[in-house]
Amino acid sequence: MALPWFRLYTEFATDPKIQRMEHGMQRHFIMLLCLQGNETLQTLKEDDIAYALGISEEKLLEVKHSFIKRGLITKEWIVISWGKRQVATDSGAARQKA
């Protein structure tokens, strides 16, 4: 199920995998998280992913290689830690009630 929002954990600010990347690469990763959250990432062709990230197809190959090397995505553009960090059944109602 596509999510209208996703969790971005606070460890993003201290995770060496993320913080050792330049800011532009961090933004590209957040855009991939958005595409993963709305369930379009694996349906897009690489030229469409490049467009979504605002980069050329050549730059996309560099980005993809970097993210794979860092253990952030698979070669099929699957965000590796997505399943353990995103809970599709979390409606927020319990938090609002508390």
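Failed condition for K75, given (1) under 19 Å from Q86 (Cα atoms); (2) in a loop (DSSP other than H, G, I, E, B); (3) charged (D, E, K, R), with all others met?
So the condition that K75 fails would be (1).
How many of the residues making up the stretch 20-62 are open to solvent by 80 Å² or more (accessible area, probe 1.4 Å) and part of a helix (DSSP H, G or I)? Explain how you work it out, then say what you get.
Going residue by residue through the stretch 20-62, those that are open to solvent by 80 Å² or more (accessible area, probe 1.4 Å) are 20, 22-23, 27, 39, 42-43, 45, 51, 57-58, 61-62.
Now narrow it down to the ones that are part of a helix (DSSP H, G or I): 23, 27, 42-43, 51, 57-58, 61-62.
Looking only at that region, the number is 9.
Which of the residues spanning the stretch 63-77 are touching a helix residue (DSSP H, G or I) at 6+ places or on another chain (Cβ under 9 Å) and open to solvent by 60 Å² or more (accessible area, probe 1.4 Å)? Spell out the reasoning first.
Filtering the stretch 63-77 down to residues touching a helix residue (DSSP H, G or I) at 6+ places or on another chain (Cβ under 9 Å) leaves 63-64, 66-67, 70-77.
Selection gives R70, K75, E76.
The values are calculated or read from the model by the stated rules, or taken from the named source; none is laboratory data. Just so it is clear, the structure is predicted and the values come from calculations on it, not from any experiment. Every residue, glycine among them, receives a Cβ derived from its backbone with ideal geometry; neighbour counts consider all protein chains shown. Please note that ligands, DNA and RNA were not included when accessible areas were found on the heavy atoms of the full protein model with its side chains. Shrake-Rupley method; radii C 1.70, N 1.55, O 1.52, S 1.80 Å.
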